[in-house]
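No lab work stands behind these numbers, since they all come straight from the coordinates. Treat the numbers as computed from the prediction; the structure is a model and nothing was measured. Ideal geometry is used to build each Cβ from the backbone, glycine not excepted, and the neighbour counts take in all protein chains shown.
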Amino acid sequence: MKYELMHRTFPTAVIDISDNYGYISKIESISESAHMPVGVIDGKGIINCNSLNEWWKDRSIPIFRPRIERLLDIFDVMTPEQLSSRCFGLSLSDQYWIRPIGSGLIWEKLNFFKNPFSEDAGNLLLGLKEYHEEFPLNSPDFTTNGNLEKTWKIINGKRYLLKGGNFQEPFNEVIASQLMDQMDISHVPYALTTINSKTYSLCEDFVDQGTELIPAWRILKVKKRRNETSAWQHFVDCCNELGIPGSVEFLDRMIVLDYIIANKDRHYNNFGALRNAVTLEWLGMAPIYDSGSCFYFYDVAVKNLYGGKTPSKPFKNCHEKQIELVKDFSWIDFNCLSHIREIIFETFLSEISAGRIDEKSIKIIVDTLISRIDALQTIAGNQT
Ligand SMILES: Nc1ncnc2c1ncn2[C@@H]1O[C@H](COP(=O)(O)OP(=O)(O)OP(=O)(O)O)[C@@H](O)[C@H]1O
Ligand SMILES: [Mg+2]
């Protein structure tokens, strides 16, 4: 079926989307190449259908997401991308969408930043409700990636992402966000909330009607990486090429945070930049989000696997090497980290009381975190 690929109110291209599989089978024409998704234009200035597809697929629910099979069954479709098409590709993280040719659909009436949306998909994806037949598909959940169970909610008129995961993840997300508060690192604030006795993290949408998140993996595609260029340098070069301000300062902060908390999962979809979706002006790097895959210090299996080192992403495979990429540590006020013990115990209090995590494990988290902060102080001291 033919659609217009839209960027807010701008028609950018006419594309064909396969009815049976939901992928983009052809780019018929391009009307606004400047508004096309970042990174789809190759070195020869050509917009390639595969590369547009990669972008489209990444904006859908991954096939590993809990309960996605049930969703596909109910709507009798083969792929999550078909579900994205059926909600017109509307998202709460960027401003792209699709409209069937000749449909006359308009952005103001459809976008989820302003208009209400259905919570049915989210209720199913979180296992909160059983569904046996189709329900309204107007939900930003169909265009939100990430493996952990999650859903968007409207609370007092604001859009929030509610995210589950293994029992520790929501707590980690909150502790990491409080740590960034103390360290004055720009971040998305996370809080805890409970539904049917299960704890989730909750964070507000940091994108609004006029802005959008461009993930790092899209930014990386604007230039070809040369063999002799490191992954870190390539990312900074791509930011400079696009005119994104403050990338080095941002990376310093992100790498330092991830070192302290031993984040295992800072892949190129877990950070990015913000731009004005109308003028296309780059506003800077996005506040840090999705830092919950951390604090597994008592995970002996992980430690043995990496020979005592802490695995890292995205530039080096262990934090001990990745921290060497930091250009400047002088912004860190080590005194502000003195409350970390209280923050961790307080956040996990309900879990300790319910017997879901023991105090010994929390003590390992606190002690290891403190020793990592000490190690960081030594590294920072050695640089000056
Ligand atoms: N506060 C937010 N505002 C806008 N978009 C967000 C926000 N938080 C997350 N997103 C978008 O939702 C996606 C999924 O969220 P998130 O990365 O937190 O999920 P996840 O399941 O933990 O991911 P992963 O698979 O990396 O573990 C992000 O890649 C980003 O595009
Ligand atoms: Mg993520």
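Here the stretch 12-81 has an Rg and Dmax of 14.1, 43 Å, counting Cα atoms alone.
Within 10 Å of each residue's Cβ, count the other Cβ atoms and sort Phe295, Phe117, Phe10 from fewest upward.
Sorted ascending by nearby Cβ count, the order is Phe10, Phe117, Phe295.
How high is the relative contact order of the stretch 2-163, in percent, with contacts defined as C-alpha pairs under 8 Å that are six or more residues apart?
On the way: 284 pairs, mean separation 37.2, N = 162.
Answer for the stretch 2-163 is 23 percent.
The calculated pair-distance distribution of the stretch 211-383 uses every alpha carbon pair, bins of 5 angstrom beginning at 0, and gives 1, 8, 15, 18, 18, 15, 12, 7, 4, 2, 0 percent. Scalar couplings 3J(HN,Hα) for the stretch 69-86, obtained by applying the Karplus form with A = 6.51, B = -1.76, C = 1.60 to θ = phi - 60°, are 4, 4, 5, 5, 4, 4, 8, 6, 10, 8, 9, x, 5, 5, 5, 4, 4, 6 Hz; x denotes Gly and Pro.
Within the chain, helices built from complete DSSP H runs that reach 30 Å or longer along their own axis (Cα positions) and carry a mean Kyte-Doolittle hydropathy of -0.5 or higher are 359-383. Applying the criteria of a DSSP loop state and at most 15 other Cβ atoms within 10 Å to the chymotrypsin sites (Phe, Trp or Tyr not before Pro) of the stretch 146-251 yields Phe167.
Computed over the stretch 2-163, the convex hull of the alpha-carbon atoms projects to a mean area of 9.5 nm². Site pair Tyr131 and Val248 shows an inter-label distance of 4.9 nm when each label is modelled 7 Å from Cα along Cα→Cβ.
Restricting to DSSP loop positions (anything but H, G, I, E, B) with no more than 14 other Cβ atoms inside 10 Å of their own Cβ, which trypsin sites (Lys or Arg not before Pro) remain in the stretch 110-204?
Loop-located and lightly packed - Lys114, Lys129.
Taking 0.36 nm per residue of sequence separation and removing the Cα-Cα distance, the Asn156/Lys44 pair yields an extension gain of 35.5 nm.
Computed from point charges on the beta carbon alone (+1 for Lys and Arg, -1 for Asp and Glu), the dipole magnitude for the chain about its Cα centre is near 560 Debye. Remark on Met6: its backbone amide H falls under 5 Å from those of Thr12, Trp97, Ile98, Arg99, a criterion applied only to residues 5 or more positions apart or on other chains, H modelled at 1.01 Å from N. Taking 0.36 nm per residue of separation and subtracting the Cα-Cα distance, full extension of the segment from Asn382 to Cys318 would add 21.1 nm.
The chain: D in µm²/s via Stokes-Einstein (Kirkwood Rh, Cα pairs, 25 °C, 0.890 mPa s)?
111
Relative contact order for the stretch 194-352: 24 percent, from Cα pairs under 8 Å spaced at least 6 residues apart, divided by residue count.
Taking every pair of alpha-carbon atoms in the stretch 108-183, give the share separated by more than 15 Å as a whole percent. Roughly 63 percent, once rounded to a whole number.
Counting neighbouring beta carbons within 10 Å and listing from fewest to most, the residues Tyr3, Tyr268, Tyr21 come out as Tyr21, Tyr268, Tyr3. Over the chain, Cα pairs under 8 Å with separation of 6+ residues give a relative contact order of 13 percent. Projected label points at Ile195 and Ser350, each 7 Å from Cα along the beta carbon direction, are separated by 1.4 nanometres.
Positive end of the dipole of the chain (Cβ unit charges, origin at the Cα centre): among Val256, Asn270, Leu242, the Cα lying farthest that way belongs to Leu242.
Fewest neighbouring Cβ atoms within 10 Å first, the residues Cys336, Cys294 line up as Cys336, Cys294.
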